[in-house]
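To start, the structure itself, in structure tokens.
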Amino acid sequence: MQDEASLHARESAAFPAFTRGLTVAMMAVLIVMGAAQVPQLRAADWSTSGAVLFGSTALLVLWMGTWIVRSRTRLDDDVLTQTWLWNKRVRVAEVASLKLVFLPWFQRVMAPRLLVRQRGGGVTWIHSADPQILLEFMARVAQRDPTRKIP
């Protein structure tokens, strides 16, 4: 039986603070540089498809940067969730295998991540700036099926 403390939800940023800060700085530089280029961009002879592609690319870069900063990872009972462009959600009962990718000496730049292979063939990568959340999820999977080997 799980103790009461392990049933409480845990949450952290999905990416380390350094990575989020670097993303904000890069987005700010891109915006400033883009604003400085507005006169040249207006003077350019754009085709409709070129303008749409350029605008879409700019929006996608800003959108991805926003999600790197906003993304959260949450372990609530037996469900691990990461908010992202779409929410990634994995339940303990759906796990076929797990692999933790964690480089402690590089943790400030690259978030620890969990590769989850689900029954039925799905594969999901879940990032968490706090590796303890991923380790807790792995422990819950192991508790559910003690005979399963987790590499």
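The values are calculated or read from the model by the stated rules, or taken from the named source; none is laboratory data. As the structure is a prediction and not an experimental result, all values here were calculated from the model. Neighbour counts run over all protein chains shown; Cβ positions are idealised from the backbone, glycine included. Side chains included, ligands, DNA and RNA excluded: accessible areas come from the protein's heavy atoms. Shrake-Rupley method; radii C 1.70, N 1.55, O 1.52, S 1.80 Å.
Observations on the structure shown:
- Residue within region 4-16 that is without any contact (Cβ under 8 Å) to a residue 60 or more places away in the chain, within 19 Å of the chain's Cα centre (by Cα) and open to solvent by 70 Å² or more (accessible area, probe 1.4 Å) present: no
- Each residue in region 62-84 was checked for being under 13 Å from Ser12 (Cβ atoms), in contact (Cβ under 8 Å) with a residue 60 or more places away in the chain and either out of contact with any His (no Cβ under 7 Å at 6 or more places or on another chain) or among the aromatic types (Phe, Trp, Tyr) (or both), and 5 pass.
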